[in-house]
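To keep things clear, I will list the structure first and then write my remarks on it.
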Amino acid sequence: MEKLKVGDTVQVIAGAERSEKTPATKRGKVLKIDREAQRVTVEGLRLVKRHLRKTPQQPEGGIVEKPGTIQISDVQVVCAKCDKPTRVGVRADGDKKKRFCKNCDALID
């Protein structure tokens, strides 16, 4: 079972997007995970500029900001209960596996 899923709220804990003064601001939802390249796309973080040419769908063209990718080891899941970045554990609950917060023992799923 994966410990990081699309839709999870994550916080950046290392790298260029990390902020020591205001740690809660560098959070966002996971939009896409590329497990092969070990990269994750997070909403509103690591914005990169892409230049678009004029097309019938985009008659204006121009410069568009899109979220870039972050190394998967540089983000950590934020627990909804304790509102802190946490390591994720997995435990069996009958036939299903459930993810839980290692800090406060609350279920993440």
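We did not get these values from a lab; they are worked out from the coordinates using the rules stated. Values in this document were obtained by computation on a predicted structure and should not be read as measured data. A quick note on method: Cβ atoms are made from the backbone with ideal geometry, for glycine too, and the neighbour counts reach across all protein chains shown.
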Checklist line | For the chain, size of Cβ-based charge dipole, Lys and Arg +1, Asp and Glu -1, in debye | finding: 80
Check: Which one of Thr69, Thr55, Thr41 has the biggest mean-square fluctuation once the chain is modelled by GNM with Cα springs under 10 Å?
Finding: Thr55
Check: If each residue's Cβ is checked for other Cβ atoms within 10 Å, how do Lys54, Lys98 rank with the fewest at the top?
Finding: Lys54, Lys98
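Note down the Stokes-Einstein diffusion coefficient of the chain in µm²/s, whole number, using a Kirkwood radius over alpha carbon pairs, 37 °C, and 0.692 mPa s. Mind dumping the intermediate values first?
Details: Rh = 15.5 Å.
It comes out at roughly 212 µm²/s.
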